Amino acid sequence: MASLLPSIALLLLTLPFPSISTSTSYITRHASALYLTTPNSPTNSPTNTSTRFTASGANIYWLGLDENVIPPPSTPPAPFYAPLNASYPTRGRITEAMSTVKIMGATTVRSQTLGVSVGNPLSVMPKLGEVNEGAWESMDWAVREAGRVGLRVFAPLTDNYDYYHGGKFVFLRWRGIDIGSAGSNIDPLVQQFYTNRTIIDDFKNYIRILLTHRNQFTNLTYAEDPTIFAYETGNELGGPTFGDKDVPAVWTHEILSYVKELAPTKLTIDGTYGINAEHLNLSSVDIFSDHFYPMDVDKLSAGVELVAGTDKVYLAAEYGWTPQTQSKTPMSEFFAWIEQRQNHFWSYFGHNVPDCKTFVDHNDGLALQYGNPKNPVNYTTQISKIRQHLFKMQGIAVDETLPPAPCPGN
């Protein structure tokens, strides 16, 4: 194991934290390590104004567009698309989420809907080439609030599945290829997303619209804003068969090169579900990642071994945190293995702000509700372990206490 460490980045922070402003510093990669770097420092090497950075925290997929809350009656009525149960999260919910995961020890947040927003009336792009200006507010507020509390954000640019916020199947439908994502085997025409030049150009145009958007709260484009430190080709991308990693290297390189062309300070993540050996030598990739359901140290170590020698960063971008997701590897063993690496639990939910008495539920059984008095004892124990782990990733020891997280109300 020791021989692998240089290739996957030992990212423990040394305290005290250097006085680098989160509003002006960038996350950069040098070989297999990430650094917090001032703007005038070279991006290809660390300097005495740089410090190691740990990317660890939470998946909060709903920050741009939600599927869990029906807005209460109001005049005028809040935007809501009933067929997909889609609505915009309130500013209070977003503010509480950022404050809470910061209290938990997070340094970063991964959010699908800060990058994927196509195909329904509340999306950034409801129809091909059409931009819905009303969709930006919740996204802009999320980026603003992340920066305010000192968190960094990264987001996938599309989704492997046909969810409410859209993904590759929407781009296919826009060009007359109407197939669904249900089941483990899908029509081979799904590969047209990666190979059809018209569809690739449609996707790149969407990326351009996203990265050149100017945030109404920060006056920075998403390409300029250092709070957004990376973009990912997609969430759990694959081909016709689930888990096949069938994502062409030429497509991955083209998309990530385009991201770097539009946003030279951004890091890039290969969003293939698993480590595709054919992508290891792509110069456009900064970070490789994988997801863990259940927690699985064997799978984790195998992925790290594949990335070894590439001088790239390895990221555990999702893991299930509940007792049920520890059937293969206990949380304590999984955390011990990745203590000096980067990881994000799935998924955080808070109060239905401005209602500070009711928590938002999600139907996958993996919603982490920090501070919910209805949490079973074993869930509270797991949340405490996650908090201790996230702080340990920063070189900080905390006890099992869960400090209260304020609900912002109105």
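A short reminder: the numbers here are calculations on the coordinates, not readings from a lab. On a predicted model such as this, the values are computed, not experimentally measured, just so you know. Note that each Cβ is placed from the backbone with ideal geometry, even for glycine, and that neighbours are counted across all protein chains shown.
Key figures for this structure:
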| quantity | calculated |
| --- | --- |
| Nitroxide proxy distance, nm - points 7 Å out along Cα→Cβ at Val149 and Leu128 | 4.0 |
| Karplus-derived 3J(HN,Hα), 6.51/-1.76/1.60, for each residue of region 355-372, Hz, glycine and proline x | 6, 9, 9, 10, 8, 7, 9, 9, 8, 9, x, 10, 6, 8, 10, 5, x, 6 |
| More than 16 angstrom apart: percent of Cα pairs within region 51-127 | 56 |
| Estimated FRET transfer efficiency (Arg175, Thr221; beta-carbon r; R0 30 Å; 0.05) | 0.60 |
| Kirkwood Rh in Å, taken over region 329-410 so that all alpha-carbon pairs contribute | 14.1 |
| Calculated FRET efficiency for the pair Thr401/Glu137, C-beta based, R₀ 41 Å, to 0.05 | 0.70 |
| Positive-end extreme of charge dipole, the chain - chosen from Gly134, Tyr206, Leu34 (charges on Cβ) | Leu34 |
| Two-site FRET efficiency, Tyr81 against Leu189, from Cβ-Cβ distance with R₀ of 30 Å, rounded to 0.05 | 0.65 |
| Cα-based Lys pair tally, the chain, threshold under 13 Å, eight or more apart or on separate chains | 4 |
| Stokes-Einstein translational diffusion, region 75-195 - Kirkwood Rh over all Cα pairs, 1.002 mPa s, 20 °C, in µm²/s | 135 |
| In nm, spacing of pseudo-spin labels at Asn363 and Tyr293 (7 Å Cα→C-beta vector) | 1.4 |
| Net dipole in debye of region 208-277 [+1 Lys, Arg Cβ; -1 Asp, Glu Cβ; about Cα centre; nearest 20] | 220 |
| Lys, Arg +1 and Asp, Glu -1 on Cβ, resulting dipole of the chain about Cα centre, debye, nearest 20 | 820 |
| Among Asn59, Pro408, Val118 - extreme Cα towards positive end, dipole of the chain, charges at beta-carbon | Pro408 |
| Cα-projected label distance for Ser257 with Glu339, points at 7 Å along beta-carbon direction, nm | 4.3 |
| Long-range HN-HN contacts of Phe359 with modeled amide H, under 5 Å | Asn352 |
| Theoretical ellipticity at 222 nm over the chain - DSSP helices of four or more residues, -39500 (n - 2.57) apiece, nearest 500 | -8000 deg cm²/dmol |
| Furthest towards positive pole of dipole, Ala155, Pro330, Gly92, structure part region 2-392, Cβ charges | Gly92 |
| Span from the region 146-193 Cα centroid across to the region 335-410 one, whole angstrom | 27 |
| HN-Hα J in Hz across region 317-325 - Karplus 6.51, -1.76, 1.60, θ = phi - 60°, x for Gly and Pro | 7, 8, 8, x, 10, 7, x, 5, 8 |
| Radius ratio Rg over Rh of region 2-392, counting only Cα atoms, Kirkwood formula for Rh | 0.93 |
